[in-house]
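These notes concern the structure reproduced below.
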Amino acid sequence: MDTDMMIDNEFHDDYDEWLQCLNSLWCGKKVDVIKRIIKMFTSPKEIVLDPFMGDGTTVEVANTLDRKAIGFEINEKYISAVIERLEGHRDSYEIIEDSCINITKYLYEESVDLCIATPPWLNMYHRNHAGHKKQNDFTLLHKNIGKTSSYSCYLSNLAKAFSEVYEVLKPNKMCIVIVMDMRKRDRLYPLHIDLANIMADIGFIIDDLIIWDSRKEHSTLKAVSNSCVYRTNIVHEYICIFKKE
């Protein structure tokens, strides 16, 4: 990351906090991570896009920080919950009930200042993934890009979504994708590596990579190994920073 960015972001009055942001290992809860990202890469009144809105963390944080937030979501229940939670807040947000593969139907080309995305997992939200909380049902809907048993199809779906993001993102702006590598049965899927290849094919450049210790987001860990096979608990996620030139 370029330290000259300090001039333009909201950390210019807190140099110590800015130095912590420059570390390649972050800790803390998701809401704090999202807040840090938004403050680093945008200024007030700029537009922040979340193509997988879910529980609305990014939309809520962006709204609180005086940004215009746009979220795409396919589940009416989650949309209603986010709107209810934001009641009384500023009205500088927009929630679109549609799939993220249709972003360009709603947003103008090169109109977004920052994208923050946490893609759904590969058909795993309805299972008890080792060491993680039981997941919610918004990812079980038919239109969700993660609802496929094929990893290659899942990657193809991600490519479609981020191709849409690329079109609406302004030049020299960032797309931040937060992902966790996943294990299904006896196979490890290095999602952060495959994602980097996908994004490069779309036209993004890989600007930086941060490791997030996300244990505060997960339940108590449990053993995932037996007498024959050793397996680690995955307790970190990757904050992948891609830039549109």
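Taken over segment 34-63, the criterion of being of a type in the set (S, T, Y) and within 19 Å of D207 (Cα to Cα) is satisfied by T42 alone. Residues in segment 123-144 include none that are surrounded by 15 or more Cβ atoms within 10 Å (Cβ to Cβ) and at pLDDT 75 or above.
Per-residue answers, yes or no, for (1) among the acidic types (D, E); (2) surrounded by fewer than 18 Cβ atoms within 10 Å (Cβ to Cβ):
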| residue | (1), (2) |
| --- | --- |
| V165 | no, no |
| L169 | no, no |
| K184 | no, yes |
| G203 | no, yes |
| D208 | yes, yes |
| D213 | yes, yes |
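If you go through segment 1-59 one residue at a time, how many are at pLDDT 90 or above, surrounded by fewer than 18 Cβ atoms within 10 Å (Cβ to Cβ) and touching a helix residue (DSSP H, G or I) at 6+ places or on another chain (Cβ under 7 Å)? The qualifying residues number 3. Residues that are of a type in the set (G, A, S), in a loop (DSSP other than H, G, I, E, B) and surrounded by 20 or more Cβ atoms within 10 Å (Cβ to Cβ) do occur in segment 99-107. Residue count for segment 82-126, restricted to those that are in contact (Cβ under 8 Å) with a residue 60 or more places away in the chain, of a type in the set (A, V, I, L, M) and touching a helix residue (DSSP H, G or I) at 6+ places or on another chain (Cβ under 6 Å): 7. Which residues, counting only those in segment 69-81, are surrounded by fewer than 20 Cβ atoms within 10 Å (Cβ to Cβ) and in contact with a helix residue (DSSP H, G or I) (Cβ under 8 Å, 6 or more places away or on another chain)? Residues satisfying the conditions are N75, K77. If K68 satisfies all but one of (1) modelled with pLDDT of 95 or more; (2) within 26 Å of I206 (Cβ to Cβ); (3) in contact with a Phe, Trp or Tyr (Cβ under 9 Å, 6 or more places away or on another chain), what's the number of the condition it fails? Checking K68 against (1) modelled with pLDDT of 95 or more; (2) within 26 Å of I206 (Cβ to Cβ); (3) in contact with a Phe, Trp or Tyr (Cβ under 9 Å, 6 or more places away or on another chain), the one that fails is (2). Against the condition of a type outside the set (G, A, S) and either on the phi > 0 side of the Ramachandran plot or out of contact with any Lys or Arg (no Cβ under 6 Å at 6 or more places or on another chain) (or both), how does I95 come out, does it pass? Yes.
The values are calculated or read from the model by the stated rules, or taken from the named source; none is laboratory data. Remember, predicted model here, so these are calculated numbers, not experimental data. Positions of Cβ are backbone-derived with ideal geometry, glycine not excepted, and every protein chain shown enters the neighbour counts.
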